[in-house]
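Asker: Before we start, here is the structure in question, set down as structure tokens.
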Amino acid sequence: MKSPPLLSQPRVQRVLYPLLIGVVLVALWQWMVVAMELPPYLVPSPFLMVQTLVTDWAPLGSALLVTLKITLLSFLLATVAGVLISFLFVQSKRIETALFPYAVLLQVTPIVAVAPLIIIWVKNPVAAMTVCAALVALFPIISNTTLGLRSIDPDLQSYFKLNRATRWQQLVRLRIPSALPYFFGGLRISSGLALIGAVVAEFVAGTGGSGAGLAYQILQAGFQLNIPRMFAALLLISLTGVALFVLMAWLTKLALGSWHASELSQD
């Protein structure tokens with residue numbers, strides 16, 4: 001059977017189409033800055049932004065590592081806590097009814113309102129910012145995983161009960177496989193929220209020096225009217241978010257690609 005042309009393959013199109021749109025937008029941005037003669041302290045050109053990223057890589061690169069460390073720690077904490085809470089919820093509908101509103105309360109409470117209290121209570125700055133970011137990333141894991149653990153086939157559940165399966169066997173062999181697509185969907189959302197929470201926590205904490213993240217670089221660049229560096233730091237945050245999403249999508253493909261319909265479909 002003859003394979004389809006390269007440009008007709010869905011895998012290539014998923015990369016090529018967004019890349020073409022990005023190139024057009026960047027070219028339009030560069031053209032507008034040059035044509036309108038916009039000063040760098042107002043809107044830097046993409047070329048100047050990338051140039052600044054290269055020349056100022058020493059402070060920006062170290063700041064990126066700090067932000068990435070907080071993001072990954074908070075994401076790991078949110079994932080472990082969210083999964084454990086979801087397992088607790090599915091044990092009893094009464095437990096879920098009693099506790100789920102408090103999970104929603106965490107979601108709707110602005111992190112900027114509670115972050116100062118957490119920073120005061122937790123003396124270690126990295127630990128405090130990790131807790132703040134984890135609170136932002138926690139709800140999608142709880143919500144999606146709980147939904148997945150409850151979205152099981154009634155016939156399969158009846159079959160397990162007919163064979164006198166224990167609660168543990170139902171959890172491991174029925175509920176967890178059914179919940180995996182929902183869980184990985186929550187991971188894709190939560191990874192981006194962990195990054196957002198890390199940056200917001202850095203803004204609130206206001207840490208500086210060698211332990212400062214990208215939020216401090218943005219604040220410092222704003223005070224100095226170094227707008228190209230500010231845009232370069234924003235570019236690093238955006239690229240980090242995209243990289244986290246791509247990593248989660250790859251993990252989803254790795255875990256579900258051989259058996260789940262959402263990954264087997266080529267449409």
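The values are calculated or read from the model by the stated rules, or taken from the named source; none is laboratory data. Computed from a predicted structure; not experimentally measured. Virtual Cβ from ideal backbone geometry, glycine too; neighbours counted across all protein chains shown. Keep in mind that these areas ignore ligands, DNA and RNA; they rest on the heavy atoms of the full protein, side chains included. Shrake-Rupley method; radii C 1.70, N 1.55, O 1.52, S 1.80 Å.
Asker: With the contact rule set at Cα under 8 Å and sequence spacing of 6 or more, what percent relative contact order holds for region 58-254?
Answerer: 30 percent
Asker: For W250, what accessible area in Å² do you get when you roll a 1.4 Å probe over the heavy atoms of the protein chains, rounding to the nearest 10?
Answerer: 140 Å²
Asker: So, taking all protein chains as they sit and a 1.4 Å probe, how much accessible area belongs to L65, in Å² rounded to tens?
Answerer: That residue has around 120 Å² of solvent-accessible surface.
Asker: Another question, then. If DNA, RNA and ligands are ignored and the probe is 1.4 Å, what is the ranking of R94, R175 by accessible area, most exposed first?
Answerer: Largest accessible area first, the residues go R94, R175.
Asker: While we're looking at this one, here's another question. Order K123, K69, most accessible first, counting only protein heavy atoms with a 1.4 angstrom probe.
Answerer: In descending accessible area the options line up as K123, K69.
Asker: Now for a different question. How big is the accessible area of I189 in square angstrom, nearest 10, if you roll a 1.4 angstrom probe over the protein chains?
Answerer: So the heavy atoms of I189 present about 90 Å² to solvent.
Asker: I need the semi-axes of the equivalent ellipsoid of the chain: take the C-alpha gyration tensor, multiply each eigenvalue by 5, square-root it, list largest first in whole angstrom.
Answerer: They are 40, 28, 13 Å, listed largest first.
Asker: Right, another one. Would you please state the base-10 log of I(q)/I(0) at q = 0.08, 0.12 1/Å for region 1-153, with intensities from the Debye formula using one equal scatterer on every alpha carbon?
Answerer: -0.48, -0.88
Asker: Further, regarding this structure: Under a point-charge model restricted to the Cβ atoms of Lys and Arg (+1) and Asp and Glu (-1), what is the dipole moment magnitude of region 1-150 relative to its Cα centre, in debye to the nearest 20?
Answerer: Values: 8 positive and 3 negative charges, 133 e Å.
Dipole size: approximately 640 debye.
Asker: May I ask you to give the solvent-accessible area per residue for the chain, in square angstrom, as obtained with a 1.4 angstrom probe?
Answerer: Accessible area per residue, the chain: 59 Å².
Asker: Average the reciprocal distances over every distinct pair of alpha-carbons in region 140-236, invert the result, and give the Kirkwood radius in Å.
Answerer: One decimal place: 16.7 Å for the Kirkwood radius.
Asker: Also, I was wondering about something else. In region 58-254, with Lys and Arg counted as +1 and Asp and Glu as -1 at Cβ, which of these residues, F75, A205, I120, has the Cα nearest the positive end of the dipole, that is, farthest along it?
Answerer: In region 58-254, that residue is F75.
Asker: About the Cα centre of the chain, how large is the charge dipole given +1 on each Lys and Arg Cβ and -1 on each Asp and Glu Cβ? Please answer in debye to the nearest 20. It would help to have the intermediate numbers written out before the result.
Answerer: Details: 16 positive and 8 negative charges, 198 e Å.
Roughly 960 debye for the chain.
Asker: Computing the accessible area with a 1.4 Å probe over protein heavy atoms, can you report the carbon and sulfur percentage for the chain? Intermediate results must be reported in sequence, preceding the final value.
Answerer: Numbers: 11270 of 15800 Å².
Taking all protein chains in place, the chain shows 71 percent carbon and sulfur surface.
Asker: Mind checking which helices in the chain clear 20 Å along their axis (Cα) and have mean Kyte-Doolittle hydropathy of 0.0 or more, DSSP H runs only?
Answerer: Both cut-offs are met by 10-35, 57-91, 93-108, 125-150, 176-205, 227-256.
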